[in-house]
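Working notes, structure below.
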Amino acid sequence: MSSPVFRPGNTALITGGASGIGRALARKCRSHGMRVLVADWNDALLAQLAADDDDDNIIAFKMDVGKLEDWAQLKSKVDKVFGGKEFHPTCTINLLALNAGVGTKSAWDDAASFHTVLNTNLFGVINGISTFLPAIKATTQPSAVVITGSKQGITNPPGNPAYNASKAAVKALAEHLSFDLRGEAHISMHLLVPGWTYTGMTGGGNARTKPEGAWTPEQAVDYLQDKMGQGKFYVVCPDNDVSEETDRKRMLWSVGDVVEGRPPLTRWRDEWKDTAQTWMDNQK
């Protein structure tokens, strides 16, 4: 099943679109005859994108999604290229995919690491919404906003507080935006929550071959497209190691820390690990 957003002549804007899931989504859009603007900060990846995809309907734009001034420049570019004589006199965006993210490690004694992660992962989403939501609303055709979250923003495993906090905030933003757009029948909202996916940010750029447990970016995008077609907001991807059922159990246990008054992050505490695993094993 496919969303009506994926059709010839529609326009997609994808941040973090020069690699990984973003690039796979860009290729998916082009396979449906869509025009695509890829925004990314990495010169080498943008150059590789241009070399691999010699296509006038894929336009690359270098930017830092954490900077509002870069978004203003991107908006000018979109208005000029997608809103000019080259395509259509009125610029609209049919698919806004806010996918750019960094996985930089954070530490409590390093405030700068928190700023780095939050500027990209959180404010990159906020900036994109504030800049391009009017363009999404302007079209009367089926349109969609896809925001890339993370399972770490839901189950909150210890190890990288800045990343987890950024993705938890992104989940909250996406949920609020979905509620606020509930009266816009032509706009669908989707929170993409990838599983283990073989990308540069998750180690794919350093590994020579894809680990057996990981999905490819293309698998994640195919799963997204199917769930968009079903009208699903939460698109929580499994992978070859973790099933949808396992994901649900992990999420239920995590929220149980709050409901049951347990200490936070009990799934990873030595004194609770066995209890958590037994509970999940007994869930049907």
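Filtering region 196-211 to residues that are surrounded by fewer than 22 Cβ atoms within 10 Å (Cβ to Cβ) and modelled with pLDDT of 95 or more leaves only Trp196. Counting only residues that are closer than 14 Å to Ala169 by Cα and either in a helix (DSSP H, G or I) or of a type in the set (Asp, Glu) (or both), region 94-114 holds 1 of them.
Suppose the filter is over 19 Å from the mean Cα position of the chain (by Cα), assigned to a helix (DSSP H, G or I) and touching a residue at least 12 places away in the same chain (Cβ under 8 Å); does Lys137 pass it?
On the way: over 19 Å from the mean Cα position of the chain (by Cα): yes; assigned to a helix (DSSP H, G or I): yes; touching a residue at least 12 places away in the same chain (Cβ under 8 Å): yes.
Yes, satisfied.
Going residue by residue through region 174-190, is there one that turns out to be in a helix (DSSP H, G or I), buried (at least 21 other Cβ atoms within 10 Å of the Cβ), assigned by TED's automatic domain parsing to the domain that holds Val221 and of a type in the set (Ser, Thr, Tyr)? For region 174-190, residues in a helix (DSSP H, G or I), buried (at least 21 other Cβ atoms within 10 Å of the Cβ), assigned by TED's automatic domain parsing to the domain that holds Val221 and of a type in the set (Ser, Thr, Tyr): absent.
The lone criterion from (1) more than 19 Å from Leu25 (Cβ to Cβ); (2) out of contact with any strand residue (DSSP E or B) (no Cβ under 8 Å at 6 or more places or on another chain) left unmet by Asn121 is number (1).
Modelled with pLDDT of 95 or more, within 23 Å of Glu218 (Cβ to Cβ), in the same structural domain as Gln141 (by TED's automatic domain parsing) and outside any helix (DSSP H, G or I): does that describe Ala60?
no
Just one of Asp70, Asp79 is touching a Cys at 6+ places or on another chain (Cβ under 9 Å) and free of Cβ contacts under 8 Å to residues at least 60 places away in the same chain; which is it? Testing whether each residue is touching a Cys at 6+ places or on another chain (Cβ under 9 Å) and free of Cβ contacts under 8 Å to residues at least 60 places away in the same chain leaves just Asp79. Only a single item in (1) closer than 15 Å to Thr15 by Cα; (2) over 16 Å from the mean Cα position of the chain (by Cα); (3) surrounded by 21 or more Cβ atoms within 10 Å (Cβ to Cβ) is not met by Asn99, and it is number (2).
Put simply, of Ser106, Ser150, Ser143 the only residue that is more than 19 Å from the chain's Cα centre (by Cα) and either on the phi > 0 side of the Ramachandran plot or polar (S, T, N, Q) (or both) is Ser106. In the set (1) in a helix (DSSP H, G or I); (2) among the aliphatic types (A, V, I, L, M); (3) buried (at least 23 other Cβ atoms within 10 Å of the Cβ), the condition left unmet by Val65 is number (1). A search for C-beta distances below 7 Å between a residue of region 259-278 that is surrounded by 10 or more Cβ atoms within 10 Å (Cβ to Cβ) and any residue that is modelled with pLDDT of 95 or more and of a type in the set (Phe, Trp, Tyr), counting only pairs 6+ apart in sequence or on different chains, returns Thr266/Trp272; Arg267/Trp253; Ala276/Trp253.
Table: residues versus (1) over 17 Å from Leu25 (Cα atoms); (2) in contact with a strand residue (DSSP E or B) (Cβ under 9 Å, 6 or more places away or on another chain); (3) not assigned by TED's automatic domain parsing to the domain that holds Leu191; (4) not acidic (Asp, Glu).
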{"residue": "Ala214", "(1), (2), (3), (4)": "yes, yes, no, yes"}
{"residue": "Gly229", "(1), (2), (3), (4)": "no, no, no, yes"}
{"residue": "Lys249", "(1), (2), (3), (4)": "yes, no, yes, yes"}
{"residue": "Gly261", "(1), (2), (3), (4)": "yes, no, yes, yes"}
{"residue": "Arg267", "(1), (2), (3), (4)": "yes, no, yes, yes"}
{"residue": "Thr278", "(1), (2), (3), (4)": "yes, no, yes, yes"}
{"residue": "Gln283", "(1), (2), (3), (4)": "yes, no, yes, yes"}
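Got a sec? Which of Thr148, Thr140 is crowded, with 21+ Cβ neighbours inside 10 Å and either of a type outside the set (Gly, Ala, Ser) or not assigned by TED's automatic domain parsing to the domain that holds Val78 (or both)?
One residue alone meets the criteria, Thr148.
The values are calculated or read from the model by the stated rules, or taken from the named source; none is laboratory data. Just so we're clear, the structure is a prediction, and the values are computed from it rather than from any experiment. All Cβ positions, glycine included, derive from the backbone under ideal geometry; neighbour counts span all protein chains shown.
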